Amino acid sequence: MTTLATPLAARRAPGTAAALALPAAATLLALMNYCAPAATLADTARGLRAGATAQIWLMSSISLGLAAALLAAGSLADDHGRKRTFVAGAAALAVSSVACALAPNAAVFIAGRVAQGAASAALLVTGLGIIGASFAAGPSRARATGMWGAMVGLGIALGPIAAAVLTSAGGWRLWYWATVAASVLLAAAASRALTESRADRPRGVDLPGLSTMSLGVAALVAAITWGRAGWTAPGVLALFAAAAVLLAAFVLVESRRREPMVDLGLFRRPAFLLSVTGALVTGLAVIGVMTYLATMMSLVMGLSPVAAALVLAIWSALSFLVALQAHRLPAHLPVRRLLAAGFALAAVSEFAMADLAPGAHWWRLVPGLAVAGVASGLTNAMLARLAVESVPADRASMGAGANNTARYIGASLGVAIVGAIATGSGHDPASLAHGTNVAMVVSAATALGYAVLALVIRERARRG
């Protein structure tokens, strides 16, 4: 496994309770909020009088803000202070949640969700950066990154359930008021309990790199999201073209800067390549399918939204438990082999679940969901560790940003691809079941392909 220099602060102390508890709480909140609309879409759409195209944006607009801001937030946090960026992210999540709670129409709500995504990006990458700076490499960091990865699974499990319960109790807007309260508490606690950390040698703001990357990723995710309503629409094609130009410009700018926001040479590091490609495939092959599965359980199997969320929680709850215990795996096992095992298990689980049928009982999905939970817990823990340890020690937030940017771009692509396959044959229960089964097989083949790739990418011990 790649060995990297450890920050002085991390060598002096094994970390503090706040440096783990607050990033973990922030990740839990961000993922719960990310998944909440899955259980409340119908009520939200009725309340905002949103049509079919607007409903796509109600579900996916937060991904736009996340993907566009993750890498920029990570780089800024490393240079200008992780605590400062973390507190700002919590405050921004509170403000944007107020906008969602008060939204009079779909346009305002969508803008609020984009802003929530940018705020969540700051919390996710700075939280993992704080862990990297606070815990020395070895068992203590493995436990801490495992906890961070576990919160991803727990947030996915609890978000739809909590949102559905609050919607039943007081309407869909109640979830966003709860997010406001949680964000304010998080900002207050972080202001008091966290200590500031930053790179030993700040690189300054790379404005050309930051703007071309953020705008390019935003254009790409917007094109993928809008494309679900029609891939040949002029606006969609224009966004794809803009994304290609902006991202090419980003690569050109970064390759010529003395101190770039993202050192492109990192892609020659096997561990960094594993981190980014693994996160991308997680979005493509796992998040895409799981995002649709609860809806398909309702449409095909006749489950209520709350019941479907509870069944899906078998996957996400096991993901939480496995990630929490991943640090107990033997230290001599290479991360690439553990990743390969995780994605191979993901493929097995999706092949097992490719058996949807109208009126089928939900227990038929349980074996596949259980295996999927083990797979996600293992891969989330390993990817969180790689995000911190595959980059120079003082660029941990940037590493987290690169990892999570790939994850949410992959998720946007995965949701679009699964949606197109699942609904391609029609919208009656039998056609949706067939389409979803095909999407499961395609996702399983993708996961299995990456499992092989992870074994091919050989790790070399290098110092950052």
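What follows is calculated from the coordinates using simple rules that are stated; it is not laboratory data. Because the structure is predicted, anything quoted here is derived from the model rather than measured. Every residue, glycine among them, receives a Cβ derived from its backbone with ideal geometry; neighbour counts consider all protein chains shown.
If I stretch the segment between VAL441 and ALA17 completely, what's the gain in nm (0.36 nm per residue apart, minus their alpha carbon distance), one decimal? Intermediate results must be reported in sequence, preceding the final value.
On the way: separation 424, 0.36 × 424 = 152.64 nm, distance 4.26 nm.
Working it through step by step, the gained length comes to 148.4 nm.
For the range 314-444, restrict the atom set to alpha-carbon positions and state the Rg and Dmax in Å.
Gyration radius and largest Cα-Cα distance of the range 314-444: 17.0, 54 Å.
Using the crude model of +1 on Lys and Arg Cβ and -1 on Asp and Glu Cβ, and no other charge, please compute the dipole size for the chain relative to its Cα centre, in debye to 20. Don't skip to the end; give the middle numbers.
Working: 32 positive and 15 negative charges, 234 e Å.
I would put it at about 1120 debye.
In nm, to one decimal, how far is the modelled label at TRP231 from the one at VAL184, with both set 7 Å along Cα→Cβ?
Distance between label points: 4.7 nm.
For the pair ALA370 and ALA357, how long in nm is the line joining their label points, each one 7 Å along Cα→Cβ?
2.1
Take every Cα pair under 8 Å in the range 122-243 that's 6+ residues apart, average their separations, divide by the length, and report that relative contact order as a whole percent.
Working: 44 pairs, mean separation 16.7, N = 122.
14 percent.
Suppose R0 equals 45 Å. What FRET efficiency, 1/(1 + (r/R0)^6) with r the Cβ-Cβ distance, do LEU264 and THR423 give to the nearest 0.05?
Numbers: r = 38 Å, r/R0 = 0.85.
With a Förster radius of 45 Å, E is 0.70.
I'd like the Karplus ³J(HN,Hα) series for the range 89-105: coefficients 6.51, -1.76, 1.60, θ = phi - 60°, whole numbers in Hz, and an x wherever there's a Gly or Pro.
Result, ordered by residue: x, 5, 5, 5, 5, 5, 5, 5, 5, 4, 4, 5, 5, 9, 3, x, 8 Hz.
Taking the 0 to 90 degree range and rounding to the nearest ten, how far is the long axis of helix 288-301 tilted relative to the main principal axis of the chain, both from C-alpha atoms?
20
Along the charge dipole of the range 143-219, which of TRP172, ALA199, SER211 sits closest to the positive end, that is, farthest toward it, with unit charges on the beta carbon of Lys, Arg, Asp and Glu (+1, +1, -1, -1)?
Ranked along the dipole, the leading option is ALA199.
Between ARG269 and residues 5 or more places away or on another chain, which pairs have amide H atoms under 5 Å apart, with H built 1.01 Å from N, and which residues are they?
Those lying under 5 Å, H to H, from ARG269: there are none.
Does anyone have the angle between helix 207-227 and the longest principal axis of the chain? Alpha-carbon axes, 0 to 90°, nearest 10?
For helix 207-227, the angle is close to 10 degrees.
Give me the number: length gained by fully extending VAL452 to ALA42, i.e. 0.36 nm times residue separation minus the C-alpha to C-alpha distance, one decimal in nm. Working shown, then result.
On the way: separation 410, 0.36 × 410 = 147.60 nm, distance 4.00 nm.
Length gained, VAL452 through ALA42: 143.6 nm.
What is the P(r) of the chain, as percent of Cα-Cα pairs per 10 Å bin from 0?
5, 22, 34, 28, 11, 1, 0
I'm checking a number: the convex hull volume of the Cα atoms of the range 108-171, normalised per residue, in Å³. What is it? All intermediate terms of the calculation are to be shown ahead of the outcome.
Details: hull volume 5.8 nm³, N = 64.
Cα-based convex hull of the range 108-171, divided per residue, equals 91 Å³.
Can you grab the distance from the C-alpha centre of the range 392-426 to the C-alpha centre of the range 30-60, Å, no decimals?
Result: 19 Å between the Cα centres.
When a/c reaches 1.5 or more, the comparison of a/b and b/c decides; with that in mind, is the range 204-350 rounded, prolate or oblate per its Cα gyration tensor? Write out the running numbers ahead of the final one.
Working: a/c = 2.83, a/b = 1.25, b/c = 2.26.
Oblate is the answer for the range 204-350, as a/c is 1.5 or above yet b/c matches or exceeds a/b.
Find the relative contact order for the chain and round it to a whole percent, using C-alpha pairs within less than 8 Å whose residues are 6+ positions apart.
Working: 944 pairs, mean separation 118.3, N = 464.
Relative contact order of the chain: 25 percent.
Treat each spin label as a single point 7 Å out from the Cα along the C-beta direction, and report the ALA238 to VAL95 distance in nm.
According to this spin-label approximation, the distance is 2.9 nm.
Per residue of the chain, what 222 nm ellipticity follows from adding -39500 (n - 2.57) for every DSSP H run with n ≥ 4, rounded to the nearest 500? Please list the in-between numbers first.
Numbers: 17 runs with 358 residues, N = 464.
So the calculated ellipticity at 222 nm is -27000 deg cm²/dmol.
From the phi of every residue in the range 262-270, what ³J(HN,Hα) in whole Hz does the Karplus formula 6.51 cos²θ - 1.76 cosθ + 1.60 yield, where θ is phi - 60° and glycine or proline is x?
Ordered by residue, 3J(HN,Hα) equals 10, 6, 5, x, 4, 5, 7, 7, x Hz.
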